[in-house]
Amino acid sequence: MTDPGPGPSPTDDPVRARRAQVARAASMAQRIGYALFAVAVVAFFIGFFAGFTGTTVTVIVVTMAAGSVLLAPAIVASYAVKAAEREDREQGL
């Protein structure tokens, strides 16, 4: 018989495949969340130097809220995937 190797590949194991999907989604959400925070910071400085208008404040509040909604669960999911992968490695799976 042939040796299957150290463990199932991500394409063969549905748990690892799902974990890879979650990791990709978390990475994308983090990028978008941080980009929204950057937009909020730029809008803040524009408002600071040019004067805060209703539109500027709305952009800041909306981008901060949307960034927080995306970023908080994405960070948690990212750490969860890393912890699960680390545990699999430690157990030799």
- Can you pull out the residues in segment 47-56 that are part of a helix (DSSP H, G or I) and either modelled with pLDDT of 95 or more or not aliphatic (A, V, I, L, M) (or both)? G47, F48, F49, G54, T55, T56
- Message: For the structure I just gave you, tell me whether V22 is under 22 Å from the mean Cα position of the chain (by Cα), at pLDDT below 95 and of a type outside the set (S, T, N, Q).
- Response: yes
- Candidate set from segment 81-93 (those that are free of Cβ contacts under 8 Å to residues at least 40 places away in the same chain and assigned to a helix (DSSP H, G or I)); member that is surrounded by the fewest Cβ atoms within 10 Å (Cβ to Cβ): E90
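Tell me which residues, restricted to segment 32-42, are small (G, A, S) and either within 14 Å of A77 (Cβ to Cβ) or buried (at least 17 other Cβ atoms within 10 Å of the Cβ) (or both). So that I can check it myself, show each step before the final result.
So the first thing to find is which residues in segment 32-42 are small (G, A, S), and the list is 33, 35, 38, 40.
Scanning segment 32-42 gives G33, A40.
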- Item | Residues located in segment 51-68, provided they are loosely packed, with under 12 Cβ neighbours inside 10 Å and under 24 Å from A29 (Cα atoms) | T58
- Are there any pairs, at least 6 apart or on different chains, whose C-beta atoms fall under 6 Å, with the first in segment 15-38 and without any contact (Cβ under 8 Å) to a residue 40 or more places away in the chain and farther than 13 Å from K82 by Cβ and the second of a type outside the set (D, E, K, R) and surrounded by 16 or more Cβ atoms within 10 Å (Cβ to Cβ), and if so, which? I32/L70; L36/T63; L36/A66; L36/G67; F37/G67
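If I ask for residues that are of a type in the set (D, E, K, R) and exposed (fewer than 14 other Cβ atoms within 10 Å of the Cβ), which ones from segment 11-31 would you list?
D12, R18, R24, R31
The values are calculated or read from the model by the stated rules, or taken from the named source; none is laboratory data. What you see is a predicted model, and the numbers here were worked out from it, not measured in a lab. No Cβ is skipped: glycine too gets one built from the backbone with ideal geometry, and neighbour counts run over all protein chains shown.
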